[in-house]
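Notes follow the structure.
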Amino acid sequence: MPTVNPTRMELTRLKGKLATATRGHKLLKDKRDELMRQFLDLVRVNKSLRERVEEGLKTANKNFALARAAMSDETVEVAFMASKQEIEVEVTPKNVMSVNIPQFTVKTRTSDESDIYSYGFAFTSGDLDDAVHSLAEVQADMVKLAEVEKACQLMAAEIEKTRRRVNALEHIMIPQYQRNIKYISMKLDENERSTQIRLMKVKDMMLEEAHHYKEKEEAKAAG
Amino acid sequence: MYRMAVLGDKDSIYGYAALGMEVCPVTDDASAVHKLRELAEGDFAVIYVTEALAERIPGEINRYREQMLPAVILIPGVYGNTGAGIANVKKSVEQAVGSDIIFGNN
């Protein structure tokens, strides 16, 4: 049995709460649906992008393995010791249905494409150049992948949270309010009816008192 | 301004230095965890982690899933593609939708 005070004030309060809950439920449901729509689009992009990056990195890795096989550890180490290129990312947050998603804009220190070769060509094998080149080719996709995949992760978390809230409202909160409201209004009706009956009874008794109907009736019957 | 880093075994990641990324070769799990935390707390927006390493420290990788920064992204290393990267995307789908509807049975 619900433990609420069957009073008119409580009823008004609960009705207000129910209205808020219903509105919130509708809003959250819309939010969830929209997030889901965007998430599904994004996750498809994520999948194809990841496949492309993994394919690109497979080639790059193969080249690097090849390059490394042809050179000594020291040579490799020295080659990458002082890299000419520096990469920086600018992060701009983007709000998608109240989820903050980072957007990455890449800035390289120099715009010269050949600056990725941080070594003299004398002691390294040509395979290394190929390897670095193949890696540079996937770089743009890798950044894009980072952005999309992060967005997917954040949105998935938000969808999960929103879905929990929607379910809690739909299956717990709203039915509970409705039950309580029903209980209170029935209790109030019941009270009203009992007051009504009491009044009718009292009225009967008072009339009897005033006019002595019963005594007159009895006298008539006797007389 | 944020930077990018690559974390993993040396053979897989040494080349990224050429692109100007921060290269962090690690060998054992403990130092990998330590390094990842250090990077995440620093000014790194994107941290690429090799799949092989990520599979050994899944807890640490998942820590950053719900944070806006950094983005921890798995990449295949030189020892081949383990499928952990795509599994991570699959996980997002399962988290959001409840069941996997994008990748099917493969």
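Here the extension length gained between A:Glu51 and A:Glu215 equals 48.7 nm, from 0.36 nm per residue of separation less the Cα-Cα distance. In this simple spin-label model, placing a label point 7 Å from the Cα along the Cα-to-Cβ direction at both A:Ala168 and A:Arg13 gives a separation of 2.0 nm. Based on C-alpha pairs under 8 angstrom that are at least 6 apart in sequence, chain A has a relative contact order of 34 percent. Working note: 222 nm ellipticity from helices only, DSSP H runs with n ≥ 4, each -39,500 (n - 2.57), summed and divided by the residues of chain A, gives -26000 deg cm²/dmol to the nearest 500.
In this structure, the residue pairs whose Cα-Cα separation is over 32 Å, taken from A:Lys15/A:Lys201; A:Lys84/B:Lys90; A:Lys94/B:Lys10; A:Lys29/A:Lys182; A:Lys31/B:Lys90, are A:Lys15/A:Lys201; A:Lys84/B:Lys90; A:Lys94/B:Lys10.
Counting only DSSP H runs of at least 4 residues, each contributing -39500 (n - 2.57), and dividing by the residue count of chain B, the helix-based mean residue ellipticity at 222 nm comes to -11000 deg cm²/dmol. Using the charge dipole of chain A (Lys, Arg: +1 at Cβ; Asp, Glu: -1 at Cβ; taken about the Cα centre), state which of A:Ala151, A:Ile184, A:Met36 has its Cα farthest towards the positive end. Most positive-ward Cα: A:Ile184. Computed from backbone phi with θ = phi - 60° and the Karplus coefficients 6.51, -1.76 and 1.60, the 3J(HN,Hα) list for the stretch A:33-46 is 5, 5, 4, 4, 4, 5, 4, 5, 4, 5, 6, 5, 4, 4 Hz; x is used for glycine and proline.
Per-residue mean of foreign Cβ neighbours for B:31-38 is 0 (Cβ atoms of other chains, 10 Å radius). With bins 5 Å wide beginning at 0, the percent of Cα pairs of the stretch A:125-208 falling in each bin runs 3, 11, 7, 8, 7, 6, 7, 5, 6, 5, 5, 4, 4, 4, 3, 3, 3, 2, 2, 2, 1, 1, 1, 0, 0.
For the stretch A:28-166, the Cβ-based charge dipole about the Cα centre amounts to some 1200 debye (Lys, Arg positive; Asp, Glu negative; other atoms uncharged). Take the Cα of A:Ala70, step 7 Å toward its Cβ, do the same at B:Ile101, and the gap between the two points is 5.0 nm. The tail of the calculated P(r) for the protein assembly as shown, taken as Cα-Cα distances beyond 32 Å, holds 49 percent of the pairs. Remark: spin-label model distance A:Val106-A:Glu137 equals 1.4 nm, labels positioned 7 Å along the Cα→Cβ axis.
For the stretch A:3-161, a Kirkwood radius taken over Cα pairs fed into Stokes-Einstein (4 °C, viscosity 1.567 mPa s) yields D = 65 µm²/s. How much of the calculated P(r) for chain B lies past 25 Å, in percent of all Cα pairs? The calculated P(r) of chain B puts 20 percent of pairs beyond 25 Å. Under a Gaussian network description of chain B, with springs only between Cα atoms under 10 Å, the residue in B:Ala40, B:Ala71, B:Ala96 that fluctuates furthest is B:Ala96.
Bear in mind these aren't lab numbers, they're just calculated from the coordinates by the rules spelled out. Source: prediction; values computed, not measured. With ideal geometry, Cβ positions are generated from the backbone for all residues, glycine too; neighbour counts draw on all protein chains shown.
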